[in-house]
1. Rounded, prolate or oblate: which fits the chain when a ≥ b ≥ c are the square roots of the eigenvalues of the alpha-carbon gyration tensor, with rounded for a/c under 1.5 and prolate only if a/b beats b/c?
2. At 222 nm, what helix-only mean residue ellipticity would the chain give, in deg cm²/dmol to the nearest 500, using -39500 (n - 2.57) for each DSSP H run of four or more?
3. Across region 21-27, in residue order, what do the Karplus-derived ³J(HN,Hα) couplings come to in whole Hz, using 6.51 cos²θ - 1.76 cosθ + 1.60 with θ = phi - 60° and x for Gly and Pro?
4. If ligands, DNA and RNA are left out, what is the accessible area of Val22 with a 1.4 Å probe, given in Å² to the nearest 10?
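The values are calculated or read from the model by the stated rules, or taken from the named source; none is laboratory data. Being a predicted model, the structure only gives us computed values, none of them experimental. We work out accessible area using only protein heavy atoms, side chains counted, and drop any ligands, DNA or RNA first. Shrake-Rupley method; radii C 1.70, N 1.55, O 1.52, S 1.80 Å.
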Amino acid sequence: MVQSVTYQRETRTVPFQGKNIVLESLTPVLSPKEKEKRKKEIERCLYDVFSKYRQDRR
């Protein structure tokens, strides 16, 4: 099943080195259940990375 994802768009014009540039940020609009699922997956991956480097320093 392919689920369609919609995005919230935020656009800003900011000065950079004397010129104005346009920054565009797209954030997925997720259900609370999907947000929690993604958050847990990110936390798990970060734990794996930090655990790996913690073991290397011993």
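1. Verdict is oblate for the chain.
2. -15500 deg cm²/dmol
3. 3J(HN,Hα) across region 21-27, in whole Hz: 10, 9, 9, 10, 10, 10, 10.
4. Rounded to the nearest 10, the figure is 100 Å².
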